[in-house]
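Q: Structure incoming, see below.
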Amino acid sequence: MQKLSRALYKNDQEYPEKVLQFGEGNFLRAFVDWQIHVLNQKADFNGSVVVVQPRGFDKINRLNGQDGLYTLYLQGIKDGQPVNEHMVIDSINRGINLFKDYNQYIHLAESQDLRYIISNTTEAGIVFDPTDKLEDVPPKSFPGKLTAFLYHRFKAFAGNKEKGCIIIPCELIENNGQVLKEVVLQLAALWKLEKEFIDWLNDANTFCSSLVDRIVPGFPKDSIDQLTKELGYQDELIVVGEQYHSWVIQGPEWLKEELPFENTGLNTIIVDDLTPYRTKKVRILNGAHTAMMPVAYLYGLNTVEESVNHHVVGEFIKEMIHTEILPILDYSLTELEEYSIAVLERFKNPFIKHFLLSISLNSLSKFKTRNLPTLLEYVNRMGKPPKLFVFSLSSLFYFYRGKRGEDEIILDDKPEVLKLFKELWGKYEKNQIDLNEFAATILAEEQLWDMDLTIIPGLTQDIARNLQSIDSNGIKAALKEVTATFIQ
């Protein structure tokens, strides 16, 4: 069977390379690159994407091996009906392996056509690394790579302000555009780059914060043989996403003319302030995702759909949203309830197997970003910790023990986080500390939370009590006790 290629696809359409993209992963290909594909088809955007990798290079090689093509399956409810459709996405022109072909990357900075830079390097990607160097090939961090690219572009066009870029990060951190710009300016100062470049960065380039929303389970490993047979060709980069999508870009009014999303039917808007959109989405959708993961997985469930449809875990999730998240959000309650119902329906998408372990990456930092603000605001308004959120956090601590019954959990987090939990669980198992001391040590770790959470009255004791219940009686009995007031 033939591999997907331009020859097989029978499309030799070439678009100017207008977009540099940091990230070759499933999400960007099922979200941004798909939207550029639609822009080309419906709005004469006439642009293609050049992809570079934040780390690794395996997927870059596979992309180039398929001439930048891949198949996207969109599955879910569309116009009130269940839809399972697929298409070949042809918006990626090529990938550049930064470790092997750095000169190609630098040469791209000299392109007259290049206008946009998009990224998704995870929530840990936009960081200042003081060890980065301009002369590194390539610089280590994503902001280092970006700064080097922009500096070369500045020099190539002699500071021409018409040759600045529109930079749209998709990382799920607050004010991601402004944060990225600040790190780039930090690096420019560290590298002692000329004032003219700093002025060009500020005056010629537009850093836009953005908020992305689409559930993308990724490569359909459990059904790949069947899909390959249906397609009639081999595709190592098939990606599955839900039908729903939303992209909110905070940018100037003139950007609407450059990026004509309004003419495509895409649910992408350009606004002057995305704060209310972000708060609602991160607290409800992402917050529920992160909070359900350890509870549902320890319970013995494996996917998001299983979890929200489960008679106990599903009610736990629903009750948590409606009694602990919505009441502390300062928006229309009707609007919030409608959004939360839509979120739960998306979680139930029968077409998509979104594995809980796939959303467990860096769970502790995700809880801090997505759920800690809800917990703190709940305490501020109600005068006590939120019972269900605290049970979720307790379950997360237990998840980091690395065991589900007799099965090992492959934990995926920063080495220092894994080391801390391994040491503390080891001490507990040797009777060197009790669960109250265990909980207090984690909660007091300011490098994890940017504050000492033991100052919250009752939180340490509540988590220790939950951990004791889970350890002694099992997650099912512990959850039954927590949900007794609303599940008969």
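The values are calculated or read from the model by the stated rules, or taken from the named source; none is laboratory data. Bear in mind that the values here come from a model prediction, so they are computed numbers and not experimental data. Glycine also receives a Cβ, built like all others from the backbone with ideal geometry; neighbour counts cover every protein chain displayed.
Q: From the list I325, I341, I317, which one is at pLDDT below 95 and either more than 21 Å from F397 (Cβ to Cβ) or in a helix (DSSP H, G or I) (or both)? Write out each step before concluding.
A: Working: I325 fails: at pLDDT below 95; I317 fails: at pLDDT below 95.
Within the list I325, I341, I317, the selection yields I341.
Q: Against the conditions (1) out of contact with any Lys or Arg (no Cβ under 8 Å at 6 or more places or on another chain); (2) at pLDDT 95 or above, where does F157 fall short? Just the number, please.
A: Here F157 clears every test but (1).
Q: If you go through segment 414-448 one residue at a time, how many are surrounded by 18 or more Cβ atoms within 10 Å (Cβ to Cβ) and among the small types (G, A, S)?
A: The qualifying residues number 2.
Q: Of all the residues that make up segment 98-120, how many are surrounded by fewer than 18 Cβ atoms within 10 Å (Cβ to Cβ), in a loop (DSSP other than H, G, I, E, B) and not hydroxyl-bearing (S, T, Y)?
A: Matching residues across segment 98-120 total 6.
Q: Among the residues of segment 257-269, is any in contact (Cβ under 8 Å) with a residue 40 or more places away in the chain and part of a strand (DSSP E or B)? Step through it out loud before you land on a result.
A: Our first condition is that a residue be in contact (Cβ under 8 Å) with a residue 40 or more places away in the chain; within segment 257-269, this holds for 258-261, 263-266, 268.
Still in the list and also part of a strand (DSSP E or B): 268.
Among the residues of segment 257-269, at least one is in contact (Cβ under 8 Å) with a residue 40 or more places away in the chain and part of a strand (DSSP E or B), which makes the answer yes.
Q: Moving on to the next point. For segment 351-377, name all the residues that are of a type outside the set (K, R) and over 19 Å from F399 (Cα atoms).
A: F351, I352, P373, T374, L375, L376, E377
Q: Does K221 qualify as being under 23 Å from K353 (Cα atoms) and not assigned by TED's automatic domain parsing to the domain that holds P82?
A: no
Q: Can you give me the number of residues within segment 201-238 that are free of Cβ contacts under 8 Å to residues at least 24 places away in the same chain and assigned to a loop (DSSP other than H, G, I, E, B)? Explain how you work it out, then say what you get.
A: Restricting attention to segment 201-238, the residues satisfying the condition of being free of Cβ contacts under 8 Å to residues at least 24 places away in the same chain are 202, 221, 223-226, 229-230.
When the remaining residues are screened for being assigned to a loop (DSSP other than H, G, I, E, B), the result is 221, 223.
Residues meeting the conditions: 2.
Q: While we're on this one: Of the residues V127, V183, V137, only one is surrounded by fewer than 22 Cβ atoms within 10 Å (Cβ to Cβ), assigned to a helix (DSSP H, G or I) and not small (G, A, S); which?
A: After applying the criteria, what remains is V183.
Q: Specify the residue that is nearest to L185 (Cα to Cα); the eligible residues are those in segment 140-159 that are aromatic (F, W, Y) and buried (at least 21 other Cβ atoms within 10 Å of the Cβ).
A: Applying the filter and picking the extreme gives Y151.
Q: Working only within segment 179-195, note down all residues that are more than 12 Å from T147 (Cα to Cα) and either in contact with a strand residue (DSSP E or B) (Cβ under 6 Å, 6 or more places away or on another chain) or among the β-branched types (V, I, T) (or both).
A: Answer for segment 179-195, where residues must be more than 12 Å from T147 (Cα to Cα) and either in contact with a strand residue (DSSP E or B) (Cβ under 6 Å, 6 or more places away or on another chain) or among the β-branched types (V, I, T) (or both): just V179.
Q: A further question follows. For segment 442-458, name all the residues that are out of contact with any Phe, Trp or Tyr (no Cβ under 9 Å at 6 or more places or on another chain), within 21 Å of K427 (Cα to Cα) and among the hydrophobic types (A, V, I, L, M, F, W, C).
A: Of everything in segment 442-458, those that are out of contact with any Phe, Trp or Tyr (no Cβ under 9 Å at 6 or more places or on another chain), within 21 Å of K427 (Cα to Cα) and among the hydrophobic types (A, V, I, L, M, F, W, C) turn out to be A444, L448.
Q: Name the residue that is surrounded by the most Cβ atoms within 10 Å (Cβ to Cβ), counting only residues in segment 382-413 that are among the β-branched types (V, I, T) and part of a loop (DSSP other than H, G, I, E, B).
A: The extreme case among them is I409.
Q: Can you pull out every residue in segment 312-360 that is among the hydroxyl-bearing types (S, T, Y) and within 20 Å of the chain's Cα centre (by Cα)?
A: Y339, S340, S358, S360
Q: Scan segment 315-346 residue by residue and report those that are small (G, A, S), under 25 Å from Y299 (Cβ atoms) and out of contact with any His (no Cβ under 8 Å at 6 or more places or on another chain).
A: A342
Q: Cβ-Cβ under 7 Å, sequence separation 6+ or interchain: first residue in segment 334-358 and β-branched (V, I, T), partner assigned to a loop (DSSP other than H, G, I, E, B). Which pairs?
A: Pairs that qualify, where the first residue is β-branched (V, I, T) and the partner is assigned to a loop (DSSP other than H, G, I, E, B), are I352/I215; I352/P217.
Q: For segment 421-435, give me each residue that is farther than 12 Å from L364 by Cα, assigned to a helix (DSSP H, G or I) and in contact (Cβ under 8 Å) with a residue 24 or more places away in the chain.
A: W425, L435
Q: When segment 9-43 is examined, which residues are found to be surrounded by fewer than 24 Cβ atoms within 10 Å (Cβ to Cβ), in contact with a helix residue (DSSP H, G or I) (Cβ under 9 Å, 6 or more places away or on another chain) and on the phi > 0 side of the Ramachandran plot?
A: none
Q: Also, I was wondering about something else. Kindly list, by first and then second residue, each pair from a residue in segment 311-331 that is closer than 11 Å to A288 by Cα to a residue that is in a helix (DSSP H, G or I) and of a type in the set (D, E, K, R), limited to pairs with Cβ atoms under 6 Å and residues at least 6 apart or on different chains.
A: Within 6 Å, the pairs are I325/R283.
Q: Quick one: count up the residues across segment 348-381 that are of a type in the set (A, V, I, L, M) and part of a loop (DSSP other than H, G, I, E, B).
A: 2
Q: Just the residues that are crowded, with 16+ Cβ neighbours inside 10 Å and either touching a residue at least 60 places away in the same chain (Cβ under 8 Å) or under 25 Å from P373 (Cβ atoms) (or both), please, taken from segment 466-477.
A: Answer for segment 466-477, where residues must be crowded, with 16+ Cβ neighbours inside 10 Å and either touching a residue at least 60 places away in the same chain (Cβ under 8 Å) or under 25 Å from P373 (Cβ atoms) (or both): N466, L467, I470, I475.
Q: Just to be sure before I move on: is S210 hydroxyl-bearing (S, T, Y), buried (at least 21 other Cβ atoms within 10 Å of the Cβ) and outside the structural domain of K476 (by TED's automatic domain parsing) in the structure I sent? Break it down into steps so the answer makes sense when it comes.
A: Values: hydroxyl-bearing (S, T, Y): yes; buried (at least 21 other Cβ atoms within 10 Å of the Cβ): yes; outside the structural domain of K476 (by TED's automatic domain parsing): yes.
So S210 passes the test.
Q: Kindly indicate whether N46 is polar (S, T, N, Q), over 23 Å from C170 (Cβ atoms) and touching a residue at least 24 places away in the same chain (Cβ under 8 Å).
A: Against the criterion (polar (S, T, N, Q), over 23 Å from C170 (Cβ atoms) and touching a residue at least 24 places away in the same chain (Cβ under 8 Å)), N46 does not qualify.
Q: Give segment 229-238 a look and list any residue that's among the hydroxyl-bearing types (S, T, Y) and at pLDDT below 95, or say none.
A: Of the residues in segment 229-238, the ones among the hydroxyl-bearing types (S, T, Y) are 233.
Selection gives nothing.
Q: Another question, if that's okay. Across segment 50-94, what is the total count of residues that are in contact (Cβ under 8 Å) with a residue 12 or more places away in the chain, surrounded by fewer than 18 Cβ atoms within 10 Å (Cβ to Cβ) and polar (S, T, N, Q)?
A: 3
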